[in-house]
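Asker: A single structure is presented below for examination.
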Amino acid sequence: QVQLVESGGALVQPGGSLRLSCAASGIIFSIYTMGWYRQAPGKQRELVAFITSVSGTNYADSVKGRFTISRDSAKNTVSLQMNSLKPEDTAVYYCNANWIRNDYWGQGTQVTVSS
């Protein structure tokens, strides 16, 4: 059974930092593109960042320069370091694993940025 389990979501003040982690099991981790998506209340789910099997990365314009995605092949995890957080970053963040027609999602973790 494929499982993606997110952790690290929390309530944080504007300007603060958080690190989200996603632990993957049941997949050949090294061949998958791993991504972070988010969905805010009343909005569509959007791509935040992804990292390919050879560690190429891409970021949404709204998070460039503030967020960093990385992967650890030894631990089968993907992380999202979030700095300089803004209230508009508030959302449920989801981990995604994709390889050709194989597509898997985690349950999500809540990030709330508020003073």
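The values are calculated or read from the model by the stated rules, or taken from the named source; none is laboratory data. None of the values given here were measured: they were computed from a predicted structure. We place every Cβ from the backbone using ideal geometry, glycine too, and count neighbours over all the protein chains shown. Calculation scope for accessible area: heavy atoms of the full protein, side chains included, ligands and nucleic acids excluded. Shrake-Rupley method; radii C 1.70, N 1.55, O 1.52, S 1.80 Å.
Asker: Out of 11, 20, 80, any idea which swings most in a Gaussian network model of the chain, alpha carbons joined below 10 Å?
Answerer: Among 11, 20, 80, the largest GNM mean-square fluctuation belongs to 11.
Asker: A further question on this structure: If DNA, RNA and ligands are ignored and the probe is 1.4 Å, what is the ranking of 89, 72, 103, 61 by accessible area, most exposed first?
Answerer: Numbers: 89 0, 72 55, 103 75, 61 125 Å².
From most exposed to least exposed: 61, 103, 72, 89.
Asker: I've got another one for you. So what is the relative contact order for the chain, in percent, with contacts set as C-alpha pairs under 8 Å and at least six apart?
Answerer: The value is 36 percent.
Asker: Hey, any idea what % of the chain's accessible area is carbon plus sulfur with a 1.4 Å probe?
Answerer: 47
Asker: Another one. Counting other Cβ atoms within 10 Å, keep those with at most 12, restrict to DSSP loop, and tell me which trypsin sites (Lys or Arg not before Pro) in segment 1-73 are left.
Answerer: Numbers: sites: 19, 38, 43, 45, 64, 66, 71; in loops: 43, 45, 64, 66.
Hits after loop and neighbour filter: 43, 64.
Asker: Could you provide, to the nearest whole Å², the per residue accessible area of segment 16-74 with probe 1.4 Å?
Answerer: 52
Asker: Around residue 89, under 14 Å between beta carbons, what's the net of Lys plus Arg minus Asp minus Glu among the other residues?
Answerer: Its environment carries a net charge of +3.
Asker: Roughly speaking, what is the stretch gain from residue 54 to residue 5, that is 0.36 nm per residue apart minus the C-alpha to C-alpha distance, in nm to one decimal?
Answerer: 15.4 nm
Asker: Starting from the Cα gyration tensor of segment 1-56, multiply each eigenvalue by 5, take the square root, and state the resulting semi-axes largest first in whole Å.
Answerer: On the way: eigenvalues 111, 38, 34 Å².
So the three semi-axes of segment 1-56 are 24, 14, 13 Å.
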